[in-house]
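Some notes on the structure that comes next.
The values are calculated or read from the model by the stated rules, or taken from the named source; none is laboratory data. Remember, it's a predicted structure, so these values are computed and weren't measured experimentally. Heads up, the Cβs are rebuilt from the backbone with ideal geometry, glycines too, and the neighbour counts pull from every protein chain shown. Please note that ligands, DNA and RNA were not included when accessible areas were found on the heavy atoms of the full protein model with its side chains. Shrake-Rupley method; radii C 1.70, N 1.55, O 1.52, S 1.80 Å.
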Amino acid sequence: MDVVIAGAHGAIGRRLTRLLAARGDRVRGLLRNPDHVADVESDGGIPIVCDLESATLAEVATAIDGADAVVFAAGAGAGSGAARKLTVDRDGAILLAEAAQQAQVARYVIVSAVGAEDPPAGDEVFSVYLQAKAAADAAVMASALAWTVLRPGLLTDDAGTGSVRLDLDPYRGEVTRDDVAAVLDAVLHGQRAVGRVLYVNGGEHPVETALDDALR
Ligand SMILES: NC(=O)c1ccc[n+]([C@@H]2O[C@H](COP(=O)([O-])OP(=O)(O)OC[C@H]3O[C@@H](n4cnc5c(N)ncnc54)[C@H](OP(=O)(O)O)[C@@H]3O)[C@@H](O)[C@H]2O)c1
């Protein structure tokens, strides 16, 4: 499979690159800081410097040309203000979706967040973050893409367990970044999660079983 990950140097992006590369997929990793090129290469990815806050639609479309799927795993990050929630988490995700349609990349998987289903009003940073996630998800879901929206609970850097809880209705727990990457890997290598919103948390069922149960 040929996959492009936006946010390839992020904590989930790096884990997903390693998983996909290990199974023999071709992985292009979009990153914004040229200092991170060597890390993405060492993960098994093909680094492409592409700042989603300044790249044009044509540039992003060229970067993802020929891919089977794109993953939006970028984010402004915990230390950022409200403005970058809008320029990265909302506009970056939407730009990638537009580029996917232009480049005829059919599949789009977005890492959103629990709470995006009902974002709070107001201009407090976390509210804006969830508003940005909600707007990005809505744009992706309204597109002609074969989309999947993943909404994890609180992310941790604990070692993955390989077991998760997947819900179609909102559920707020915790989940390791390793396990989110494992769910992304599984979702990408099948069609059953197309057109679905999945809440992703730590749980008791192996990823494939959890997918079967949630999507039956
Ligand atoms: N923290 C939580 O508990 C939580 C819960 C649910 C969902 N999420 C979401 O899960 C996603 C992944 O989380 P994570 O922990 O892997 O995030 P992360 O480690 O902060 O990675 C985000 C990546 O996005 C990149 N990025 C930022 N601005 C960019 C731009 N303009 N162009 C291209 N790339 C850009 C960052 O690059 P730089 O290194 O250059 O900044 C970074 O590598 C995020 O969307 C996050 O909002 C988080």
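Below are the figures for this structure:
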| read-out | value |
| --- | --- |
| Failed condition for ARG165, given (1) away from the ligand (no atom under 13 Å from the Cβ); (2) farther than 16 Å from ASN201 by Cα | (2) |
| Test: residue in the range 65-83 that is near the ligand (Cβ under 10 Å from one of its atoms), within 23 Å of ASP185 (Cα to Cα) and in contact with a His (Cβ under 6 Å, 6 or more places away or on another chain) | no |
| Residue count, the range 23-39 (criterion: more than 14 Å from the ligand (Cβ to nearest atom), without any contact (Cβ under 8 Å) to a residue 40 or more places away in the chain and either of a type in the set (Asp, Glu) or assigned to a loop (DSSP other than H, G, I, E, B) (or both)) | 2 |
| Residue pairs meeting the criteria (Cβ under 7 Å; at least 6 apart or on separate chains; first among the aliphatic types (A, V, I, L, M), in the range 151-175; second loosely packed, with under 15 Cβ neighbours inside 10 Å) | LEU154/GLU174 |
| Of residues in the range 11-22 being more than 23 Å from THR87 (Cβ to Cβ) and among the charged types (D, E, K, R), the one nearest to the ligand (Cβ to nearest atom) | ARG15 |
| Answer from VAL128, VAL149, VAL88, VAL105 - the residue that is buried (at least 19 other Cβ atoms within 10 Å of the Cβ), at pLDDT 95 or above and farther than 23 Å from VAL70 by Cβ | VAL128 |
| Pairs with Cβ under 8 Å, 6+ apart, first in the range 2-15 and without any contact (Cβ under 8 Å) to a residue 40 or more places away in the chain, second more than 6 Å from the ligand (Cβ to nearest atom) and of a type in the set (D, E, K, R) | HIS9/ASP39; ARG14/ASP39; ARG14/ASP43 |
| Test: residue in the range 154-163 that is touching a helix residue (DSSP H, G or I) at 6+ places or on another chain (Cβ under 9 Å), open to solvent by less than 20 Å² (accessible area, probe 1.4 Å) and of a type in the set (A, V, I, L, M, F, W, C) | no |
| Condition met for VAL114 (within 13 Å of the ligand (Cβ to nearest atom), surrounded by 15 or more Cβ atoms within 10 Å (Cβ to Cβ) and farther than 15 Å from ALA69 by Cβ) | yes |
| Subset of the range 183-213 (residues that are hydrophobic (A, V, I, L, M, F, W, C), under 25 Å from ALA139 (Cβ atoms) and open to solvent by less than 40 Å² (accessible area, probe 1.4 Å)) | VAL183, LEU184, ALA186, VAL187, LEU188, ALA193, VAL197, LEU198, VAL200, LEU211 |
| ASP35 vs. criteria open to solvent by less than 40 Å² (accessible area, probe 1.4 Å), of a type in the set (Asp, Glu) and over 28 Å from VAL114 (Cα atoms) | no |
| Selected residue (only one of ASP89, ASP118, ASP123, ASP137 is among the acidic types (Asp, Glu) and farther than 21 Å from ARG196 by Cα) | ASP123 |
